[in-house]
Every structure is written in C-alpha cells, then in structure tokens.
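**Student:** Encoded as structure tokens, here's the structure I'll be asking about.
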Amino acid sequence: MKTFDINRFWQMLKWNILTDEMSVMKKAIIGVVAFLIIQAFFCFNLFDLTASRGFGSTLVGMNLCFASGGLFTLFYVSGMLGNARTKEQRNILLMMPASNLEKYASRFLYCVILLPLLLLACLYVATGIRMLLELILGHKDIYFGMSGIPMITNQFNNAQFIDNLWTISVFVLGGVLFKKNPFLWTWVSIVAISIALGLVVALIAISTMGNGPLQMSVNDNHWAFKAVLAALTVFNFWYSYRLFCRLQLVTRKWFNL
C-alpha cells in the first residue's frame, strides 16, 4: 500500500465527517444559535427591542463571540481521536483500508481546518441574522462588528503566527495523547507546566540575587525564543503523528498508549 494516495485520503475525510459524534449540520445550527444568543444579549434592549444599545455594547458582544469561537476551535482541535474513543471505534479505524498518514492527515484537516472554518461561517451567519433583525425592528445604527476578523488574520502574518501554531500543536498532541476529556486535560497540563516553569525561574532568580539583579529580556532573545517555540511546535505535530501510528485496540485507561 502506498504511504499516501489522494483518493483514499478523500474517502477517509468523508468517513471522518460522517462518523463524527455530532453531525456537521448539528454543529452548524448550534454554532449559529449560540453566536446569535450572545449578540442578541448585547445588541438588543430586552425591555424595548426597538432601541439599539449602541456600538460599544455590540463590540463587547462580538468580542465575546470571538473568544468563544477561539475556545471552541481548541476544543475541536483536541478531538483528533474523537471518533476512536471506544474499543469498537478504534477497531473500525484500525481496519480502514488506508495508511496511517492518510488517516492522520484527513482527521487533521477535519479538526484543525474545516471545523474552525465552520465556526467562522456560523459567526458570519449569526451576525447577518442579528443585523436583519435590527433592520426589521427599526434600529437606526446597525454595526457589523466583525472588525476583529482582520486582527485575527493579521496574527498569522506576523511573529504571533508561531505562538498560535504552537497552541494548536499542543491541543493536537493532547487530543491524541489523552483518552478521556482531552480538551480539559490539555488545559490542566498547560497550567501545571506553566506553574512548574514559573517556580524554576523564581528559584533561579532567588539563587542569583547575591550576584546582582537578574535581568531577563524576551525582546533581546526574541528570535531565539521563536526558534525554540517553532521546534517545539514541529515536535508536537511529529509526536502526535507517532502516537497516532501506535494506536492499539486496547489502550490504557487515561492515555492512548
């Protein structure tokens, strides 16, 4: 069998979409309704629907939508093995006539790219419905409120691109590593590692106080820091693929090992 065949890849992608725990249509409906409720709460006066709450309130509601969308994006990214949680599901996945690379790449495309794009489409639809309702109710000042989209896309055109990619790689790795509640346990792991690193830095600072104040500047070593972060990002993706290839029918209670 070839390592990668485009036809098998597309078949695996279709299989991932059709066998997901929740259908794409249901995800889309829930996304639109959730974003619409958030926007309606901040854009409409519950005691007088014909009165607009203004640009500031609309902006707060849209920012909350962006934040919620970011969290749901990480939740979807952590679902790399969402269709292989049970023994029966893993058996079906392992028996699929495709290579590990095709299985991993198709799942990666679905969780990391397609589902976040679906969330973005839901946000646009919900915003359009909210603006239509404001127009019907006679609001004078109707704000689109999607000015945050260029700010988000600009993050992928500058140095923050590595930061965002690293975050995604961590949740991809967590989605493959943790068997139950990967989104939650990935967050717990990030917090625990951050606390441990903070304690190490604090201990180093305390131990060097006798030699004068410790001066640390991230800006002075900006590109070195980004290089290390890029290397960790590549490692996370590589190791998640290696764990995916080692997936067995019978795994540990908490980990896919």
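The values are calculated or read from the model by the stated rules, or taken from the named source; none is laboratory data. Quick caveat: nothing in here was measured; it's all calculated off a predicted structure. Virtual Cβ from ideal backbone geometry, glycine too; neighbours counted across all protein chains shown. These area figures cover heavy atoms from the full protein model, side chains too; ligands, DNA and RNA do not enter into them. Shrake-Rupley method; radii C 1.70, N 1.55, O 1.52, S 1.80 Å.
**Student:** With helices defined as uninterrupted DSSP H runs, which ones in the chain have an alpha carbon span along their own long axis of at least 24 Å and mean Kyte-Doolittle hydropathy of at least 1.0?
**Tutor:** Span-like helices, by this rule, are 24-43, 54-77, 115-136, 160-177, 182-207.
**Student:** Evaluate the distance, in nm, between pseudo-label points positioned 7 Å from the Cα of LEU117 and of VAL60 along their respective Cα→Cβ axes.
**Tutor:** If labels sit at LEU117 and VAL60, their model points lie 3.5 nm apart.
**Student:** List the lysines whose Cα sits under 25 Å from the Cα of LYS180, skipping any in the same chain fewer than 8 residues away.
**Tutor:** LYS14, LYS26, LYS27, LYS87, LYS103, LYS253
**Student:** If you don't mind, there's one more thing I want to ask. Can you give the accessible area per residue of the chain, in Å², using a 1.4 Å probe? Write down the numbers at each step before the final one.
**Tutor:** Numbers: 15340 Å² over 257 residues.
Computed with neighbouring chains in place, this is 60 Å² per residue.
**Student:** Tell me, which longest segment in the chain has none of the chymotrypsin sites (Phe, Trp or Tyr not before Pro) that fall in DSSP loops with at most 15 further Cβ atoms within 10 Å? Mind showing how you got there, number by number?
**Tutor:** On the way: sites that count: PHE4, PHE47, PHE144, TRP254.
Longest run free of exposed loop sites: 145-253.
**Student:** What label, among (1) 63, 59, 33; (2) 57, 46, 40; (3) 77, 55, 39, belongs to Cα extents along the principal axes in Å computed from the structure on display?
**Tutor:** Looking at Cα extents along the principal axes in Å for this model, the match is (1).
**Student:** Starting at 0 and stepping by 5 Å, how many percent of the alpha carbon pairs of the stretch 1-90 end up in each bin?
**Tutor:** Answer for the stretch 1-90: a P(r) of 3, 11, 14, 16, 14, 11, 9, 7, 7, 4, 3, 1, 0, 0 percent.
**Student:** Only Cα pairs within less than 10 Å get springs; with that Gaussian network setup on the chain, which residue of LEU117, LEU49, LEU177 has the largest fluctuation?
**Tutor:** LEU49
**Student:** Can I ask one more? When the accessible area of the chain is split by element with a 1.4 Å probe, what percent falls to carbon and sulfur?
**Tutor:** Roughly 71 percent, rounded to a whole number.
**Student:** Also, quick follow-up: Provide the packing ranking of 190-203, 81-94, i.e. peptides ordered by the mean count of other C-beta atoms within 10 Å per residue, highest first.
**Tutor:** Ranking the peptides 190-203, 81-94 by packing returns 81-94, 190-203.
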